Amino acid sequence: MMGASGLVMQAMKTQIIAALAATFAFLAPVAAIADNHADEHGEDAPRWSIAIHGGAGTLSPDNMTPERRAEYEAALQVALDAGAQVLKNGGTAMEAVQAAILPMEDSELFNAGRGAVFTWEGENELDASIMDGRDRSAGAVTGVTTVRNPILLADKVRTESPHVFLMGEGAEQFAVEQGFDVTPPEYFYTQRRMDSLERMKAEALSSLDVDHKFGTVGAVALDSQGNLAAGTSTGGMTGKRWGRIGDAPVIGAGTYADNRSCAVSATGWGEYFIRVGVAQEICTRLRMTLYREAYASGGDLNDQHRAWMREQGVVQKAADAVMAEVKELGGDGGVILVTPDGDALFSFNTTGMYRGRATSDGVNEVAIFGGEEGSGTGNTPDH
Ligand code: ASP
């Protein structure tokens, strides 16, 4: 039986739905949406979800052999499965993000960890960052040369130091104090990346000319407790000099997670992502949209607002709009994101992005080129 407070709640809910329906009649029959999603966080919505990327860029089936393509798809699948397994077993989003990033850092295929690109001086300077959407705690490192898995070090900065962002030698000293092995520089030497650097120098090319793509890796996840997390790891851009730092280790630019809105990891031309503040900008737009809806309906923020936002594809639109800003300024790249409702989305303005996503609803897919599953605008999965 419904008590007095239950009746009041029910009346409020009806009022809010009616107000929303009146205000947004031009958009969609909100009351109907609300009813459809009565159990928004129950049976309808995925209990967990994860998305990963291994970089964006000029990628087309014409400039990739079938063997190379299969190699990338297999590596993405390994990373996706590692993260999904954690979530399936009830692990946290933070654990899943790290589990997914580790195999990509250990693979020569991606520009992170083992396969990192070379600086102008022929070194590998690694960047990584991670953020917990539960409390917005974050850790990041830049310019580290002796740490095999910088994503793990970024997380140690988050949990074991009073800081958020450590650089270079200081970060390496901290790593040793935390028990990390000192990885010799040879570990990060790959002929393919050295060839890129040499070609860049010989032909006076830019990083973009030489690579045609960004190979940064990242993961975002929602766990079954409803918490979000995001992480990103990279070697930066080929031939970087003067201590250049891209967006990947910058909280708010390459990585952001906030349980109130979303978790984002980016890849692309870092300078532009920093200027737009891409990851946080997407999260902020979503949060503000939700607050605006709640304000317009005169009630507190609730699941009906989230349902409305989801139904309207607001999440994809926000990501696409922010990526359009990056493009307007002259940059390119892409983002992956997950929301508290379990949507796992991509948005990129390059011809391809190494990517994958999995949810508790059985979605499990990896893709590389544009036009494939989940490649951009309008690809909000309908679970
Ligand atoms: N965003 C990275 C950077 O600018 C590059 C990448 O995504 O691969 O350092």
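Read-outs: derived from the displayed coordinates by stated rules, not from any lab. Predicted model only: the values in this text are computed from it and were never measured. Don't worry about glycine lacking a Cβ; one is built from the backbone with ideal geometry, like all the others, and counts go over all protein chains shown.
Below are the figures for this structure:
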quantity: Relative contact order computed over segment 45-369 (Cα-Cα under 8 Å; 6+ residues apart), in percent; calculated: 26 percent
quantity: Longest exposed-site-free window of the chain, the sites being chymotrypsin sites (Phe, Trp or Tyr not before Pro) in a DSSP loop that have at most 11 other C-beta atoms within 10 Å; calculated: 27-241
quantity: Loop-located GluC sites (Glu not before Pro) in segment 144-226 whose Cβ has at most 12 other Cβ within 10 Å (DSSP); calculated: Glu203
quantity: Karplus (6.51, -1.76, 1.60) ³J(HN,Hα), θ = phi - 60°, over segment 48-57, in Hz, Gly and Pro reported as x; calculated: 9, 7, 8, 9, 10, 9, x, x, 10, x
quantity: Spacing of the two label points (7 Å from each Cα toward its C-beta) at Tyr291 and Glu71, in nm; calculated: 4.8 nm
quantity: Selected from Ala79, Ala56, Ala175 as most flexible by GNM, with the chain as the system and alpha-carbon contacts under 10 Å; calculated: Ala175
quantity: In range of the label at Arg192: residues from segment 267-296 whose backbone nitrogen is under 19 Å from the point 7 Å along Cα→Cβ; calculated: 267-268
quantity: Among Val210, Val157, Val141, residue whose mean-square fluctuation peaks in a GNM of the chain (springs only between Cα atoms under 10 Å); calculated: Val210
quantity: Gaussian network model of the chain, Cα within-10 Å springs - most flexible of Thr284, Thr146, Thr238; calculated: Thr284
quantity: Whole-Å semi-axes of the ellipsoid equivalent to the chain (Cα gyration tensor, √5λ, descending); calculated: 38, 21, 18
